[in-house]
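The values are calculated or read from the model by the stated rules, or taken from the named source; none is laboratory data. Small disclaimer: the values here were computed from a predicted structure and weren't measured. Here Cβ is always computed from backbone atoms with ideal geometry, including for glycine, and neighbour counts include all displayed protein chains. What goes into the accessible areas is simple: the full protein's heavy atoms, side chains included, and nothing from ligands, DNA or RNA. Shrake-Rupley method; radii C 1.70, N 1.55, O 1.52, S 1.80 Å.
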Amino acid sequence: MATMDEMEEELKCPVCGSFYREPIILPCSHNICLACARNILVQTPDAESPQSSRASGSGVSDYDYLDLDKMSLYSEADSGYGSYGGFVSAPTTPCQKSPNGVRVFPPSVPQPPPQHHLLQHPGSLPPIPRNSCITCPQCHRSLILDERGLRGFAKNRVLEGVVDRYQQSKAAALKCQLCEKSPKEATVMCEQCDVFYCDSCRLRCHPPRGPLAKHRLVPPAQGRISRRASPRKISTCTEHELENLSMYCVQCKMPVCYQCLEEGKHGTHEVKALGAMWKLHKGQLSQALTGLSDRATEAKEFLVQLRNMVQHIQENGVEFEACLVAQCDALIEALNRRKAQLLSRVNKEHEHKLMVVRDQISHCTVKLRQTTGLMEYCLEVIKENDPSGFLQISDALIRRVHMTESQWGKGTLTPRMTSDFDLTLDSGPLLQTIHQLDFVQMKVAWFTFDPVSAHPDIIFSNNNLTVTCSSYDDRVVLGSAAFSRGVHYWEMTVDRYDNHPDPTFGVARGDVLKDVMLGKDDKAWAMTDGGISKGATIGVLLDFTRGLLIFLINDEQQGPVAFEGLEGNYYPAISLNRNVQVTLHTGLPIPDFYTPGEADPNGSVC
């Protein structure tokens, strides 16, 4: 069970960095303290805030999204808080950072009101300046306030209640209720008995057997929160303060009262009972959390796997170094000079593996912390008994849960590195070939496409792993790594494939012609387009020990291509035109079907 501490960031204002106080909901579904909202108001000139950009009624039509394509990730249907002003372009006021690193806009200094204005009531808040604009500190969408000012924003009572319960749960340690003298700190709470126990009293008074075995024991903080669950609150309409919210407008996505309906503001909209929609949205959020919970469980197991991999890499690295040193120490003085070079290569491989795995651990840990924090916050929101308050934030939470779950997609929970060291030292002929001593085989190599040596028409993206071309003619691009020995395997997926463009895949020397199809000169060996389509995966297996170049399409071998007498370095290579886009995948193990030395030599050279 994740601790409630992971939920804390969900409960802090993006402006002041402290726990929310009197939070209000902006039309973009983000929250902000009421006092912080006043602090970041900006007064705009009359010319920048025409009356047409202000709220005049309810429904989606009240919004005037002037910079929707630049500023908004939501559709108009998603933003249906009909009582607010319209989003506009953010004012050109210099921004600054809040304590938690979110950019916010400082307030402009409003002109003092004339002396003949009405006197302000003692203790009331100062009036909002005319043409005031507020910018969300998280998504940076801006809107002009109408005549109601900040009172036009709904208060997030659900969030306020969660913050209050969280702060109270952290205030003091709970004590055991059965200790006779000097009560000890409670370690569990039984939900059925409604009693807090320390470890000794739990073993003595609440043994895990008999009828008590079915009781549910929870952490003390969680038990305190369940005790303090608030009764359902009756919410009133922000437009009609004497009317209770009893219905829900599906189009505007907001609770309404009977007077709102009688005034015709939602006359053509679908309206449903508030209680029914409350239960429906709670069910949707609970269902979404189930999938996210599964991803979090998988992530925890994946982190255990990665941490074990770190230990295995450490052990294998130490073992490999010891073996290498033992072999080198048995050789002549010339071998000792070579030993230092080999150790350096092993150490680099060792450090690279550790760096990749640790980076993945760090990335996964941060993502898991954010996921569990969101889960805990959503669970607390589900406990809230305020239907209208819940419905004000449920859509945004459901979208966040689905978006967070999608981030744990395919490949996220797959190790980027193996713990094995694929380096084999052949010590037999060392005395005769001391100066040629090297690792026999490197099965896994990491590289990208090389923008330096590529033809100028090649277009790079995705950290040089994806390429296309600006020309209708064939252009060649090489990999960033050259191979001269060992067995190597890499794959390329076809992201775009229009009008039969005839791409070619293979290997080439560094001085291959870059402005003709690969394989048209004597410095490249390649496979031309055969059975390739959009989404296809082309595998290339290069075996220097047998002098073979083997191609696969969607894991099906296309027949080996034999070549002989190669000297020097060879690069992975492709040629393509503007009708093709290809993404490179490296660091792959040799396919299971292939064992070096067992290939069919009957092949053709392209």
So how much slack lies between Ala273 and Thr583, counting 0.36 nm per residue of separation and subtracting their Cα-Cα distance, in nm? 106.5 nm
Residues with amide H under 5 Å from that of Val516, placed H, sequence gap 5 or more: Val476
With only alpha-carbon atoms counted, please give the Rg and Dmax of the stretch 353-425, in Å. 18.6, 70
Write out the trypsin sites (Lys or Arg not before Pro) in the stretch 252-324 meeting two conditions: DSSP loop, and at most 10 other Cβ atoms within 10 Å of their Cβ. none
In order over the stretch 383-388: 3J(HN,Hα) from phi, Karplus 6.51/-1.76/1.60, θ = phi - 60°, whole Hz, x for each Gly or Pro, gives 5, 5, 9, 9, x, 5
For the pair Ala35/Ser344, report the inter-label distance in nm, with labels modelled 7 Å from Cα in the Cβ direction. 6.1
Around Lys514, under 14 Å between beta carbons, what's the net of Lys plus Arg minus Asp minus Glu among the other residues? -3
For the stretch 447-585, what log10 I(q)/I(0) values come out of the Debye formula at q = 0.09, 0.17, 0.21 1/Å, with one point per alpha carbon and no solvent? -0.22, -0.84, -1.35
Would you please give the residues with an amide H less than 5 Å from that of Ile32, counting only those at least 5 places away or on a separate chain, with H modeled from the backbone geometry? Ile24, Leu26
Residue-wise HN-Hα coupling along the stretch 11-17, computed from phi with Karplus coefficients 6.51, -1.76, 1.60 (Hz; x: Gly, Pro): 9, 10, 5, x, 9, 8, x
Roughly speaking, what is the centre-to-centre gap between the stretch 200-221 and the stretch 341-381 when only Cα atoms are used, to the nearest Å? 37
Considering only protein heavy atoms and a 1.4 Å probe, what is the carbon-and-sulfur percentage of the accessible area of the stretch 450-538? 45
Quick one: Karplus J couplings for the stretch 199-210, per residue in order, coefficients 6.51, -1.76, 1.60, θ = phi - 60°, nearest Hz, x for Gly and Pro? 4, 5, 5, 5, 5, 7, 10, 9, x, x, 8, x
At a Förster distance of 35 Å, what's the computed FRET efficiency of Ser484 paired with Cys323, Cβ-Cβ distance as r, to 0.05? 0.90
Other-chain or far-sequence residues with amide H under 5 Å of Ile532's (modelled H): none
For Trp446 and His312 in one chain, what is 0.36 nm times their gap in residues minus the Cα-Cα distance, to one decimal in nm? 46.2 nm
Which net charge results for the neighbourhood of Cys179, defined as the other residues with beta-carbon distances under 15 angstrom from its beta-carbon, given Lys and Arg at +1 and Asp and Glu at -1? +2
